[in-house]
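Have a look at the structure below before the remarks.
The values are calculated or read from the model by the stated rules, or taken from the named source; none is laboratory data. Given the structure is predicted, the values throughout are model-derived calculations rather than measurements. Methodologically, a virtual Cβ is constructed for each residue, glycine included, from the backbone with ideal geometry; neighbour enumeration extends over all protein chains shown.
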Amino acid sequence: MKYTPHTPEDVKHILETIGVASVDALFDDLPEAIRNPKIDIPAGLDEHGVLEHMKGLAAKNLSLEAAPSFLGGGMRHHFQPSAVNALTFQSSFVTAYTPYQPEVSQGELQAMFEYQSMIAALTGLDISNSSLYDGATAVAEAALLAMRQTNRSTVLVSRGVHPEYRETLTTFLECVGAKLVNLELEGTITISQAVEPDIAAVIVQNPNFLGSLEDMKVLAARAHEAGALFIAVVDPLSLAVVQAPSEYSADIAVGDGQVVGNAANFGGPAYGFIAVKEALMRQLPGRIVGATKDVDGKRGFVLTLQAREQHIRRAKAKSNICSNHALMALQSAIYLSALGPNGLREVATVSAVMARELESTLNRVGLKTLTTGKYFNEFVVKLPKPAEEIRQALSKKGVHGCVPVPLEYGFGNAGLFAATELTTSSDIAKLEAALKNIL
Amino acid sequence: MNAVLEKQAINDFPLIFERSKTGRRGVIPPQAAKAKGVNLEDLLGADNLRTSSLPLPEVSELDLVRHYTGLANRQMSVDANFYPLGSCTMKYNPKVNEVAAGWFTSLHPYQDPNTAQGALELLFNLAKDLGQITGMDAVTLQPAAGAHGEFTGILMIRKYFESRGELEQRRVVICPDAAHGTNPATAAMAGFDVVEIPGNERGEVDFAALEAALNPSVAAIMLTNPNTLGIFETRILEISAKAKALGIQLYYDGANTNAIVGRARPGDMGFDVIHLNLHKTFTVPHGGGGPGTGPVGVKAHLEPFLPTPIIARSDNSFKLEFDRPQSIGRVRSFYGNFGNLVRAYTYIRSLGAEGLHDASSMAVLNANYLRVKFQKIGFETAYNRVNMHEFVAVPPKGMKTLDFAKALLDYGIHPMTVYFPLVVSESMMVEPTETESLETMDRFADVMQEILLKAKANPSWLEHAPYNTVVRRLDEVAAAKKPMLTFQKLSRN
Ligand SMILES: Cc1ncc(COP(=O)(O)O)c(C=O)c1O
């Protein structure tokens, strides 16, 4: 394939206009020793050839559409309404850059303003930016924000926070000399304890990685008693039915938006969201859209509060983030609008209902629940063999099984199971039959 | 409300929230009937329940479609408009990429790797291809964007010095003053001090100033080549030799790689680390701000520090490898912006080595053509020399770049990048890319000339442009002074 339009005559005309003899002559500034290296990649294919090649690769995967999925742990397979993809992947959204020229970017800017409003609605907090990369980096940005705000450099993180988020947090904090301390669990619930006065933030996930709904009110109160900020890592779908971060006075809410409208995409792209109380607004990282008026008094939207950002503040910026995950945030906003509060509540409720059916089935085949207290739609069971083995055996029987629970939790072999509104009783029956063969 | 205000409200494109009506339904989710009569208190515990309202919009599916179709029509984009936004490489994003990517969306990061062999094979081969293209020994595909790639790369340099017991001493990262803002911001985020080096009158880094700044406290030099002025750093081999002699790592900001694919490799120039913006050079669409994708390539001495996991091959199967004791750790969840990696992979398969070489050649050809056209119609170019894939121009004295950008909007052309890099006042950075035709570029030059002539005859016309866009110049000062960042706030106002 090629996407360059010039005819030989065009090239000749252009070269004459520039006043050089050849295209190669335009590269004379390159040191001769390194010019035109041999690059060992296969010759290009025509479009049909490319499609056949890609089809071949796709055929080596077992899609979530092709087998029931009980996978969670930060991403899940939910239903994508047809209108959501049709509207998101309109080429004027897909092929635009960051809205630097607001007069010709009102579609994107207004959509991001609406997205920010929806994140504020879900979390109950005042202010949202227009997206970050993912849930993990959102947690890291939230911790850095809390450190800036409090002038403290130790962060307390519950072991119930997604292990990959904690690993990411470690990476971001270590290099600036900040300290990370774990809040331990009892069963699968975070132990609430007095917080030391040098703590910048306490980070708790609700529901946590092991499924448990945490006592967020008590944990937040402990943090606030010590002058620390309370950061809630939340599943945005759960917020249709589970208490909102504002209801336990969280200062910052973050999370991954995949579960509300993005495909799982083998882990990305989805998007990270961050919402804060108004007092923290000027500490936020990333792009923010605000409403204003044009010279004729018409309502319009612009990128705003840019004095926080790298292109203005350089080394003193709140973050280095430039490109964000706008298209995924847009997809999520369209999804949330398609469902509305009632639809979202139904999705959340059905997910929770099906998770109970799944749990009792798993218990019936002898797998004991390890998750303590109440859970939303994901929970952990004890397994008689390594979770990887069970997952593999299940996949051979056409079921996407469970997420292996890391050994750090001290459960030995254990798997995290999830249900969604797509989980049917017959999916669960298929899982049960497969498990009876495997266990 | 008085009549004037009412008329204005009608002219405003409604917010989705303003289309909302309590009780109206759009999409009904699967198994919705199962939600009826459920006692959530029993299920989730009374203390865990949400008691506050959930003020999301309530609209019908047609309302939804009208709304987002309407918004889509209030946008410029590459598919609809010439978009010579310098440094952003707004080339055509092939449709075949989108079709192919659609076959890979329904995969879960934690599904059994044996059921994701096609995905892992694709990632393995893409990393190999990018290594070939950049001249690097190993590549991680995880970073979500250019800035995230910078962070990943600089952290690897950090770990490398830590492993050699030199971290205490290596405090400084050097960037040119023309560098993109993410470079100094990244260095600071990774715990380094930033020193900025000026450029010279030829638009290159001031070699003497750079040399003077080099000493054993320097950890890394971050360069873009061609640099942010679109000019190739001709003394790059000398710079890399100097750096090497002092053990300093050379970082390549790959935002401008579209100039050199197949023509030269950063690895051969002596760079130790590179990030690529696949959303620039490798046709991943920009999505109105993202998601991007910023893979990082490194030379062998930095390979042990790659973020986890990496994709490994054993015999004919592919797996994720987590056990990497010297790794910088994780920089994000899961394995990268996979959906975008599929698009970039599709593009590389489509073009092959020869096509990629041709693409960069034509990108540079087009940018030089427009530079000469700009000079002919009365703009100055910042450095009077052959440029690479982009160039910087300035308007005649007394005229403002911003005004030209606004005037272009009425002609259906997206403006070039304005006021970047900061080192040239009134800078207009123009990057046509290789996918634009002679006719498109000629029209652009004609339009620029017309704007110039009209502005000379009537300066006020220029200062008040645009006239025909859905909104006209917006009050950005008011937006920042009294931030209205949500519908909730706006509707209370
Ligand atoms: C020269 C340069 N460096 C770095 C970046 C940052 O890339 P990203 O927006 O993908 O984080 C950009 C893009 O804006 C750029 O033009």
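Restricting to region B:198-235, and then to whatever is within 14 Å of chain A (Cβ to nearest Cβ), away from the ligand (no atom under 16 Å from the Cβ) and in contact with a helix residue (DSSP H, G or I) (Cβ under 7 Å, 6 or more places away or on another chain), can you tell me which residue is nearest to B:ILE274 (Cα to Cα)?
B:ALA219
Looking only at residues in region B:151-161 that are more than 7 Å from chain A (Cβ to nearest Cβ) and within 16 Å of the ligand (Cβ to nearest atom), which one is surrounded by the fewest Cβ atoms within 10 Å (Cβ to Cβ)? Let's see the steps before the verdict.
From region B:151-161, those more than 7 Å from chain A (Cβ to nearest Cβ) are B:152-154, B:156-157, B:159-161; that's our starting set.
If we keep only those that are within 16 Å of the ligand (Cβ to nearest atom) as well, we get B:152-154.
Working: B:THR152: 28, B:GLY153: 32, B:ILE154: 30.
Top of the filtered list is B:THR152.
With the structure loaded, tell me whether B:ASP79 is closer than 30 Å to A:GLN106 by Cβ and either surrounded by fewer than 22 Cβ atoms within 10 Å (Cβ to Cβ) or in contact with an Asp or Glu (Cβ under 6 Å, 6 or more places away or on another chain) (or both) or whether it fails that test.
Details: closer than 30 Å to A:GLN106 by Cβ: yes; either surrounded by fewer than 22 Cβ atoms within 10 Å (Cβ to Cβ) or in contact with an Asp or Glu (Cβ under 6 Å, 6 or more places away or on another chain) (or both): yes.
Against the criterion (closer than 30 Å to A:GLN106 by Cβ and either surrounded by fewer than 22 Cβ atoms within 10 Å (Cβ to Cβ) or in contact with an Asp or Glu (Cβ under 6 Å, 6 or more places away or on another chain) (or both)), B:ASP79 qualifies.
So for region B:449-469 (the condition being under 30 Å from A:MET118 (Cβ atoms) and in a helix (DSSP H, G or I)), does at least one residue qualify?
No.
In this structure, is B:GLY294 crowded, with 24+ Cβ neighbours inside 10 Å, at the interface with chain A (Cβ under 10 Å from one of its Cβ atoms), within 11 Å of the ligand (Cβ to nearest atom) and on the phi > 0 side of the Ramachandran plot?
Working: crowded, with 24+ Cβ neighbours inside 10 Å: yes; at the interface with chain A (Cβ under 10 Å from one of its Cβ atoms): yes; within 11 Å of the ligand (Cβ to nearest atom): yes; on the phi > 0 side of the Ramachandran plot: no.
Here the answer is no, as B:GLY294 does not meet what is asked.
Would you pick out the residues in region B:312-353 that are free of Cβ contacts under 8 Å to residues at least 40 places away in the same chain and assigned to a helix (DSSP H, G or I)?
Passing the criteria: B:ARG349, B:LEU351, B:GLY352.
Can you pull out the residues in region B:122-142 that are within 7 Å of chain A (Cβ to nearest Cβ) and within 18 Å of B:ASN337 (Cβ to Cβ)?
Of everything in region B:122-142, those that are within 7 Å of chain A (Cβ to nearest Cβ) and within 18 Å of B:ASN337 (Cβ to Cβ) turn out to be B:LEU122, B:ASP129.
Say whether the condition of being surrounded by fewer than 23 Cβ atoms within 10 Å (Cβ to Cβ), touching a residue at least 24 places away in the same chain (Cβ under 8 Å) and of a type in the set (A, V, I, L, M) is met by at least one residue in region B:426-436.
For region B:426-436, residues surrounded by fewer than 23 Cβ atoms within 10 Å (Cβ to Cβ), touching a residue at least 24 places away in the same chain (Cβ under 8 Å) and of a type in the set (A, V, I, L, M): absent.
Can you tell me how many residues within region A:207-230 are within 14 Å of chain B (Cβ to nearest Cβ) and part of a helix (DSSP H, G or I)?
To start, the set of residues in region A:207-230 that are within 14 Å of chain B (Cβ to nearest Cβ) comprises A:207-209, A:211-221.
Cutting the leftovers down to part of a helix (DSSP H, G or I) gives us A:216-221.
So the count comes out to 6.
Can you find even one residue in region B:162-171 that is within 16 Å of the ligand (Cβ to nearest atom), over 30 Å from A:LEU62 (Cβ atoms) and among the polar types (S, T, N, Q)?
Restricting attention to region B:162-171, the residues satisfying the condition of being within 16 Å of the ligand (Cβ to nearest atom) are none.
No, region B:162-171 contains no residue that is within 16 Å of the ligand (Cβ to nearest atom), over 30 Å from A:LEU62 (Cβ atoms) and among the polar types (S, T, N, Q).
Just for region A:294-336: of the residues that are farther than 29 Å from B:LEU422 by Cβ and surrounded by fewer than 21 Cβ atoms within 10 Å (Cβ to Cβ), which one is nearest to the ligand (Cβ to nearest atom)?
A:LYS298
Condition (residue is within 16 Å of the ligand (Cβ to nearest atom), assigned to a helix (DSSP H, G or I) and touching a strand residue (DSSP E or B) at 6+ places or on another chain (Cβ under 7 Å)) applied to region A:266-285: is it met by at least one residue?
Initially, region A:266-285 is screened for residues within 16 Å of the ligand (Cβ to nearest atom), giving A:268-269, A:271-272, A:285.
Narrowing further to those that are assigned to a helix (DSSP H, G or I): none.
Within region A:266-285, none of the residues are within 16 Å of the ligand (Cβ to nearest atom), assigned to a helix (DSSP H, G or I) and touching a strand residue (DSSP E or B) at 6+ places or on another chain (Cβ under 7 Å).
If I filter region A:144-163 for residues that are touching a residue at least 40 places away in the same chain (Cβ under 8 Å) and within 14 Å of B:GLY329 (Cβ to Cβ), do I get at least one hit?
Scanning region A:144-163, I find at least one residue that is touching a residue at least 40 places away in the same chain (Cβ under 8 Å) and within 14 Å of B:GLY329 (Cβ to Cβ), so the answer is yes.
Among the residues in region B:256-266, are any part of a loop (DSSP other than H, G, I, E, B), within 30 Å of B:LEU356 (Cβ to Cβ) and touching a strand residue (DSSP E or B) at 6+ places or on another chain (Cβ under 8 Å)? Outline the logic, then answer.
Taking region B:256-266 and keeping what is part of a loop (DSSP other than H, G, I, E, B), we get B:256, B:260-265.
This time we only want the ones that are within 30 Å of B:LEU356 (Cβ to Cβ), so: B:256, B:260-265.
Next, from what is left, pick out any that are touching a strand residue (DSSP E or B) at 6+ places or on another chain (Cβ under 8 Å): none.
Within region B:256-266 (the criterion being part of a loop (DSSP other than H, G, I, E, B), within 30 Å of B:LEU356 (Cβ to Cβ) and touching a strand residue (DSSP E or B) at 6+ places or on another chain (Cβ under 8 Å)), the answer is no, since none of the residues qualifies.
Criterion first (within 16 Å of the ligand (Cβ to nearest atom) and assigned to a loop (DSSP other than H, G, I, E, B)) does B:HIS275 satisfy it? Lay out the reasoning, then the answer.
Details: within 16 Å of the ligand (Cβ to nearest atom): yes; assigned to a loop (DSSP other than H, G, I, E, B): no.
No, not satisfied.
Going by what's in this entry, would B:LYS159 be described as under 29 Å from A:HIS311 (Cβ atoms), assigned by TED's automatic domain parsing to the domain that holds B:PHE338, at pLDDT 95 or above and of a type in the set (Lys, Arg)?
yes
Consider A:VAL259 against the criteria (1) at the interface with chain B (Cβ under 7 Å from one of its Cβ atoms); (2) touching a Lys or Arg at 6+ places or on another chain (Cβ under 7 Å); (3) buried (at least 24 other Cβ atoms within 10 Å of the Cβ): it satisfies all of them except one. Which criterion is unmet?
Tallying (1) at the interface with chain B (Cβ under 7 Å from one of its Cβ atoms); (2) touching a Lys or Arg at 6+ places or on another chain (Cβ under 7 Å); (3) buried (at least 24 other Cβ atoms within 10 Å of the Cβ), A:VAL259 fails exactly one: (1).
Mind checking which residues of region A:182-206 are closer than 23 Å to A:VAL276 by Cβ and outside any loop (DSSP other than H, G, I, E, B)?
Result: A:LEU183, A:THR190, A:ILE199, A:ALA200, A:ALA201, A:VAL202, A:ILE203, A:VAL204, A:GLN205, A:ASN206.
Is it fair to say B:ALA179 is in contact with a Gly (Cβ under 8 Å, 6 or more places away or on another chain) and assigned by TED's automatic domain parsing to the domain that holds B:THR228? Can you show your working first?
Working: in contact with a Gly (Cβ under 8 Å, 6 or more places away or on another chain): no; assigned by TED's automatic domain parsing to the domain that holds B:THR228: yes.
No: the conditions fail for B:ALA179.
For the list (1) more than 8 Å from chain A (Cβ to nearest Cβ); (2) over 26 Å from B:TYR251 (Cα atoms); (3) part of a helix (DSSP H, G or I); (4) not basic (Lys, Arg), I need the number of the one condition that B:VAL372 fails.
So the condition that B:VAL372 fails would be (1).
Name every residue in region B:110-156 that is among the charged types (D, E, K, R) and free of Cβ contacts under 8 Å to residues at least 40 places away in the same chain, in order of residue number. Outline the logic, then answer.
In the first step, residues of region B:110-156 are kept if they are among the charged types (D, E, K, R); the result is B:112, B:121, B:128-129, B:137, B:150.
Within region B:110-156, B:ASP112, B:LYS128 meet the criteria.
Condition test on A:ALA83, is it touching an Asp or Glu at 6+ places or on another chain (Cβ under 8 Å), surrounded by 24 or more Cβ atoms within 10 Å (Cβ to Cβ) and either without any contact (Cβ under 8 Å) to a residue 12 or more places away in the chain or facing chain B (nearest Cβ under 7 Å) (or both)? First the steps, then the outcome.
Details: touching an Asp or Glu at 6+ places or on another chain (Cβ under 8 Å): yes; surrounded by 24 or more Cβ atoms within 10 Å (Cβ to Cβ): no; either without any contact (Cβ under 8 Å) to a residue 12 or more places away in the chain or facing chain B (nearest Cβ under 7 Å) (or both): yes.
When the stated conditions are applied, A:ALA83 does not pass them.
Within region B:174-188, identify whether any single residue is more than 12 Å from the ligand (Cβ to nearest atom) and under 28 Å from A:ILE34 (Cα atoms), and answer yes or no.
From region B:174-188, those more than 12 Å from the ligand (Cβ to nearest atom) are B:174, B:177, B:187-188; that's our starting set.
Narrowing the set further to residues that are under 28 Å from A:ILE34 (Cα atoms) leaves B:174, B:177.
Looking through region B:174-188, at least one residue is more than 12 Å from the ligand (Cβ to nearest atom) and under 28 Å from A:ILE34 (Cα atoms).
Can you tell me which condition B:ASN93 does not meet? The list is (1) within 29 Å of B:ILE221 (Cβ to Cβ); (2) within 16 Å of the ligand (Cβ to nearest atom); (3) within 9 Å of chain A (Cβ to nearest Cβ), and all the others hold.
(1) is the only condition that B:ASN93 fails.
Could you please find all residues in region A:405-427 being buried (at least 20 other Cβ atoms within 10 Å of the Cβ) and within 17 Å of A:VAL381 (Cα to Cα)?
A:VAL405, A:ALA414, A:GLY415, A:LEU416, A:PHE417, A:ALA418, A:ALA419
Which ones in region B:297-328 are buried (at least 17 other Cβ atoms within 10 Å of the Cβ) and polar (S, T, N, Q)?
Selection gives B:THR308, B:SER327.
Going through region B:239-255 one residue at a time, which ones are in a loop (DSSP other than H, G, I, E, B) and either farther than 25 Å from B:PHE192 by Cβ or within 11 Å of the ligand (Cβ to nearest atom) (or both)?
Keep residues of region B:239-255 that are in a loop (DSSP other than H, G, I, E, B), which gives B:246-248, B:255.
Across region B:239-255, the qualifying residue is only B:ALA255.
Would you mind stating whether B:GLN31 is on the phi < 0 side of the Ramachandran plot and either in contact (Cβ under 8 Å) with a residue 60 or more places away in the chain or away from the ligand (no atom under 16 Å from the Cβ) (or both)? Spell out the reasoning first.
Values: on the phi < 0 side of the Ramachandran plot: no; either in contact (Cβ under 8 Å) with a residue 60 or more places away in the chain or away from the ligand (no atom under 16 Å from the Cβ) (or both): yes.
Here the answer is no, as B:GLN31 does not meet what is asked.
What do you reckon, is B:THR283 within 13 Å of the ligand (Cβ to nearest atom), part of a loop (DSSP other than H, G, I, E, B) and among the β-branched types (Val, Ile, Thr)?
Details: within 13 Å of the ligand (Cβ to nearest atom): no; part of a loop (DSSP other than H, G, I, E, B): yes; among the β-branched types (Val, Ile, Thr): yes.
It is false that B:THR283 is within 13 Å of the ligand (Cβ to nearest atom), part of a loop (DSSP other than H, G, I, E, B) and among the β-branched types (Val, Ile, Thr).
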